[in-house]
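For reference, the structure discussed in these notes is given below.
Any read-out appearing in this document is the output of simple, stated calculations on the displayed coordinates, not a laboratory observation. Because the structure is predicted, anything quoted here is derived from the model rather than measured. Here the Cβ positions follow ideal geometry from the backbone for every residue, glycine too, while neighbour counts run over all protein chains shown.
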Amino acid sequence: MKIVVYNLGCKVNKYECDSILKSLRQKGHEVSEDLVFADVYILNTCAVTNEAERKSRQCVSRCLRLNPDAKVIVCGCASQNNASQFSGKENVCFVKGVADKQAIVDEIDKKGIEVQELPTIYEDDFSPEVVRTRAYVKIQDGCNNFCSYCLIPYLRGRSRSRAEESIIKECEELSQKCKELTITGIDMSSYGKDIGSSLAELISKLKDIDCRIRLGSLEVNVIDENLLKALKGLKKFCPQFHLSLQSGDDSVLKKMNRHYTTQEYYEKVKLIREYFEDCAITTDLICGFPLESEESFLNTLEFLKKTGFYQVHTFGYSLRGGTVAARYPQLPPEVIKDRCQRASLVAEKCKEEYLKNYVGKTLELLTEDEENGYMSGYTRQYIKVYLKHAKSDTLYNVRIDKIEKGIAYASIIDDKDNN
Ligand code: SF4
């Protein structure tokens, strides 16, 4: 049977898709992660915004255009949030929510509609089979933070940590097969709190892993000297810190139920830079949150400039029914759109300022794919680089020659894999 496992969401979804793919392969099924003709489509959906949820629904129709007789199985956040938006659809035979993805593999040939209770302890996925340059390692699921705009804690349940031994074993195995690992989770910063450990402790146990290690999104409160020292102790740490900001205004942060002030955030960024001079700070920003005044928004723009981010992913606020923020007075869509555009312009300027410091410098590059006649890849800071006359999946030392439209163009100094 040909089965497509398609990801519509984040890196955690991606990890889960990879583990389902591996298990299906082991059972002898022909699998694909692209939307191609298949007998069964497994869609791991996303509910981070209304738009993501709409795309998840639309994806069912896309599958049926490829094969009108196919069975469709839906899992992930959008189906956990509202199973009925999928269960009524033609050919959808199984709706699963976020828990127990193994059941999808077991029940692939059965019919039925089901959404299970949320899990309360960490459920080990099957380790994905890695064939890519970079692999993801999921260390945690769920979230206890209840940011006022976010549905995830309702959909994924409370934070639960994967056992350290299981993570270490997977990192050791993956480091033999790929050149970079990204450690990820829904709220990685809370790693260990339920099992008497911490993110810093876990990282310190990865010190012998001999490949590049990158971290997924962090909450600013997890940044302290212990964590930074543990990261310094890694053999090949990628100093890109994705520190979720969401707003650069204290009154908005409070309404968002984020547990830090802009001053605290800024101090943590300074601390990171003391440990990692050549690091990149990246972030997410929500524009047009309910009750965000023009003055609050201008504070945010100033904060972006002052902090010197490399990348700012800007999102227009998206009302999620059932959250606290859904009950606040909402801003008109045109105000949200306008603020998004203005924030994106400031973000572009920040990126230019950051990147221009690297012209003439030597950086380590890991190449991935061909793109626009170049080999493209990322430095440890996650700077995207284009290179000529290079192989894929290879580590090079490169000199940055110029920056154009947010992309660095570089020349090879040496091939680290063959030295
Ligand atoms: S930290 Fe906040 S935004 Fe992130 S998943 Fe938890 S509740 Fe949602």
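Just so you know, the Rg over Rh for the stretch 362-418 is 0.91, from Cα atoms, with Rh as the Kirkwood radius. Rounded to the nearest 0.05, the FRET efficiency derived from the C-beta distance between ASP393 and SER251 at R0 = 45 Å is 0.40. Could you list, in their original order, any pairs among LYS306/LYS337; LYS270/LYS402; LYS235/LYS416 whose Cα atoms are separated by more than 25 Å? The pairs that break the limit, which is 25 Å between Cα atoms, are LYS270/LYS402. With only Cα atoms counted, the stretch 2-106 has Rg and Dmax values of 12.2, 36 Å. With a/c under 1.5 counting as rounded, go ahead and sort the stretch 163-269 into rounded, prolate or oblate using the C-alpha gyration tensor (a ≥ b ≥ c being the square roots of the eigenvalues; past the cut-off, prolate if a/b is larger than b/c, else oblate). Because a/c hits 1.5 or more and a/b exceeds b/c, the stretch 163-269 counts as prolate. Overall, the stretch 2-106 carries a charge dipole of about 100 debye about its Cα centre when +1 sits on the Cβ of Lys and Arg and -1 on the Cβ of Asp and Glu, all other atoms neutral.
Here the stretch 294-419 is assigned +1 on the Cβ of each Lys and Arg and -1 on the Cβ of each Asp and Glu. Its dipole about the Cα centre then comes out at about 380 debye. Think of the stretch 2-106 as a dipole: +1 on every Lys or Arg Cβ, -1 on every Asp or Glu Cβ, centred on the Cα centre; then among CYS75, CYS93, ASN50, ASN50 lies furthest on the positive end. Taking Cβ atoms as reference points and 10 Å as the exclusive limit, the residues near GLY288 contribute a net charge of -1, counting Lys and Arg as +1 and Asp and Glu as -1.
Remark: the chain carries a charge dipole of roughly 440 debye about the Cα centre, counting +1 on each Lys and Arg Cβ and -1 on each Asp and Glu Cβ.
Comparing TYR310, ILE195, TYR15 along the charge dipole axis of the chain, the residue lying farthest to the positive side is TYR310, per the Cβ-charge model.
Subtracting the Cα-Cα distance of ASP34 and ASN91 from their residue separation scaled by 0.36 nm leaves 18.6 nm. Near GLY316, the amide H atoms lying under 5 Å from its own belong to CYS287; only residues 5 or more places off or on other chains count, and H is placed 1.01 Å from N. The tail of the calculated P(r) for the chain beyond 42 Å holds 13 percent of all Cα-Cα pairs. Taking other C-beta atoms within 10 angstrom as a stand-in for reagent exposure, VAL5, VAL40, VAL48 fall in the order VAL48, VAL40, VAL5, fewest first.
Can you tell me what share of the DSSP beta bridges in the chain is antiparallel? A percent to the nearest 5 is fine.
35 percent
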